[in-house]
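One structure below.
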Amino acid sequence: MPDSLPTRLKVLIVETLKLDDVRPEDIPDDEPLFGSPRFGLDSIDALELVVRLEKEFGVKIGSSEESRRALASVSALAAFIRTHPSAV
């Protein structure tokens, strides 16, 4: 059975950030989410995403360094959430 967490995260990213021209299935698991011209995400987008992730998965993303690592890509985000057993 395929891992559904990356798919859930992609849908959450598209919905939260209102990426009307991006479909969840078009987001590669390992592509950088920030700093990529494809998505054009900024620090406000990161804040919105962190708030939604904390609410949705019950995880706490503390420092800006932790946020940068966790939000590096969909794969990184899935790995971060998996380190919080109550989150998934």
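So if I place +1 on the C-beta of Lys and Arg and -1 on the C-beta of Asp and Glu, and nothing else carries charge, what would the dipole magnitude of the chain be about its Cα centre? I want it in debye, nearest 20.
Working: 11 positive and 16 negative charges, 58 e Å.
Here the chain has a charge dipole of around 280 debye.
Can you give me the relative contact order of the chain as a percent, contacts being Cα pairs under 8 Å and 6 or more apart? Write down the numbers at each step before the final one.
Values: 77 pairs, mean separation 27.4, N = 88.
Averaging sequence separation for qualifying contacts and normalising by length gives 31 percent for the chain.
In the chain, the DSSP-assigned H stretches of four residues or longer account for a calculated mean residue ellipticity at 222 nm of -14500 deg cm²/dmol, using -39500 (n - 2.57) per stretch and the full residue count as denominator. Label separation (residue 23 vs residue 38): 1.4 nm, computed from points 7 Å beyond Cα along the C-beta direction. Legend: helices of the chain (whole DSSP H runs) are marked when their alpha-carbon atoms reach 15 angstrom or more along the helix axis and their mean Kyte-Doolittle hydropathy is at least -0.5; marked are 5-16, 43-57. In this rough spin-label picture, where each label sits 7 Å from Cα along the Cβ direction, the residue 15-residue 51 distance is 1.6 nm.
Between the entries (1) 15.0, 47; (2) 12.2, 44; (3) 12.0, 35, the label attached to Rg and Dmax of the Cα atoms in Å calculated for this structure is (3).
Readers should treat all values here as calculations from the given coordinates under stated rules, not as data from a laboratory. Being a predicted model, the structure only gives us computed values, none of them experimental. Every residue, glycine as well, gets a Cβ built from its backbone with ideal geometry; the counts of neighbours run over all protein chains shown.
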